[in-house]
Amino acid sequence: LGCTLQHKQANLHPLWRGEIEVPGGSRQSPINIRIRDSVFHPQLAPVHTQYDPNTCLYIWNNGYSFFVEYDDSTDKSTVSGGPLENPFRLKQFHFHWGRNNDWGSEHTVDSRVFPAELHLVHWNCSKYRTFEEAIMEPNGLAVIGVFLKVGKHHEKLQKLVDILPSVRYKDALTEFNYFDSSCLLPSCGDYWTYSGSLTTPPLTESVTWIIMKKPIEVDHSQLAVFRSLLFTAVGEEERYMVDNFRPLQPLMNRTVHSSFE
Ligand SMILES: NS(=O)(=O)c1ccc(NC(=O)CN2C(=O)C=CC2=O)cc1
Ligand SMILES: [Zn+2]
């Protein structure tokens, strides 16, 4: 990487310039996953997702990323198994990416950075009534993280890429239905899991992270469209939505478990 961390940090959006320390935070995200320090847990079941493409509602630019929001009023789209005691409902998915292909992911694996990272955000509908409530609770959320690497064109992602220009500006929203987000998961089910937090405000320590070992492939042009989005609203001085990842946070006394040896 031709850049120093300081250079990268200085370029970051104020939100992620590492200026926000959570007072008393002991389980912040993202982290570097050191493979040799992770502990194989034979009891860890496979992660089971069942996503109903018809529960996809709309896509919007919230000024940090673009979010694809799902109808979470039923159990039609859920994740279960893995480290989870019960099913969690899919609320939204979004990505984090860099200004170029040299960096962009939030988590790293043995300090390897990926050009982007997908987050599928689910909430504990067995224990809490709403997403907003769950976001504040220690076992409220489960986020599946999937690394993106530059490679072959991702056919099914293109439907999403094609609609991004319609949410170029902050607060733009457009209807987006029938999208099967399971096409964004790698075919290999191996994952790491650890207890962490949201990586943007409110940074609450409410997330069981499930980080898939294998990345999915997208091509240059698809990532380039991500970088054409703006952090800024119509009428504001335009700033491209890039480098929307939070700096690495200290592991403190946490163990990362792996579902594979
Ligand atoms: N990057 S991450 O850790 O997966 C991460 C995941 C989620 C949020 N925040 C939200 O989902 C905020 N939000 C609400 O509270 C209701 C709708 C909505 O988008 C922030 C960060
Ligand atoms: Zn995220």
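Within segment 128-152, the residues that satisfy the criterion of being away from ligand 2 (no atom under 16 Å from the Cβ), in contact (Cβ under 8 Å) with a residue 24 or more places away in the chain and in a loop (DSSP other than H, G, I, E, B) are Met136, Glu137, Pro138, Asn139, Gly151, Lys152. Within segment 103-124, restricting attention to residues that are of a type in the set (Val, Ile, Thr), in contact (Cβ under 8 Å) with a residue 60 or more places away in the chain and not in a loop (DSSP other than H, G, I, E, B), the residue that is nearest to ligand 2 (Cβ to nearest atom) is Thr108.
Of the listed requirements (1) over 15 Å from the mean Cα position of the chain (by Cα); (2) crowded, with 17+ Cβ neighbours inside 10 Å, Gln50 misses just one: (2).
Across segment 81-138, the number of residues qualifying as away from ligand 1 (no atom under 12 Å from the Cβ) and β-branched (Val, Ile, Thr) comes to 3. Within segment 78-97, the set of residues being away from ligand 2 (no atom under 14 Å from the Cβ) and over 18 Å from Glu132 (Cβ atoms) comprises Thr78, Val79, Ser80, Gly81, Gly82, Pro83, Leu84, Glu85, Asn86, Pro87. Looking only at residues in segment 86-126 that are over 17 Å from His48 (Cα atoms) and among the basic types (Lys, Arg), the one that is surrounded by the most Cβ atoms within 10 Å (Cβ to Cβ) is Arg99. Note on segment 71-102: residues that are assigned to a loop (DSSP other than H, G, I, E, B) and farther than 30 Å from Ser228 by Cβ total 10.
Let's see how each residue does on (1) within 13 Å of ligand 1 (Cβ to nearest atom); (2) at pLDDT 95 or above; (3) among the polar types (S, T, N, Q); (4) within 19 Å of Glu117 (Cβ to Cβ):
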{"position": "Arg168", "(1), (2), (3), (4)": "no, yes, no, no"}
{"position": "Thr174", "(1), (2), (3), (4)": "no, yes, yes, no"}
{"position": "Tyr178", "(1), (2), (3), (4)": "no, no, no, no"}
{"position": "Cys183", "(1), (2), (3), (4)": "no, yes, no, yes"}
{"position": "Cys188", "(1), (2), (3), (4)": "no, yes, no, yes"}
{"position": "Trp192", "(1), (2), (3), (4)": "no, yes, no, yes"}
{"position": "Ser206", "(1), (2), (3), (4)": "yes, yes, yes, yes"}
{"position": "Ser228", "(1), (2), (3), (4)": "no, yes, yes, yes"}
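Under the condition of being touching a residue at least 40 places away in the same chain (Cβ under 8 Å) and part of a loop (DSSP other than H, G, I, E, B), the residues counted in segment 153-199 number 20. Against the definition (under 22 Å from Gly104 (Cα atoms) and surrounded by fewer than 18 Cβ atoms within 10 Å (Cβ to Cβ)), how does Tyr194 come out, yes or no? It is false that Tyr194 is under 22 Å from Gly104 (Cα atoms) and surrounded by fewer than 18 Cβ atoms within 10 Å (Cβ to Cβ).
The values are calculated or read from the model by the stated rules, or taken from the named source; none is laboratory data. If you're wondering where the values come from, they're calculated on a predicted model, not measured in any experiment. Ideal geometry is used to build each Cβ from the backbone, glycine not excepted, and the neighbour counts take in all protein chains shown.
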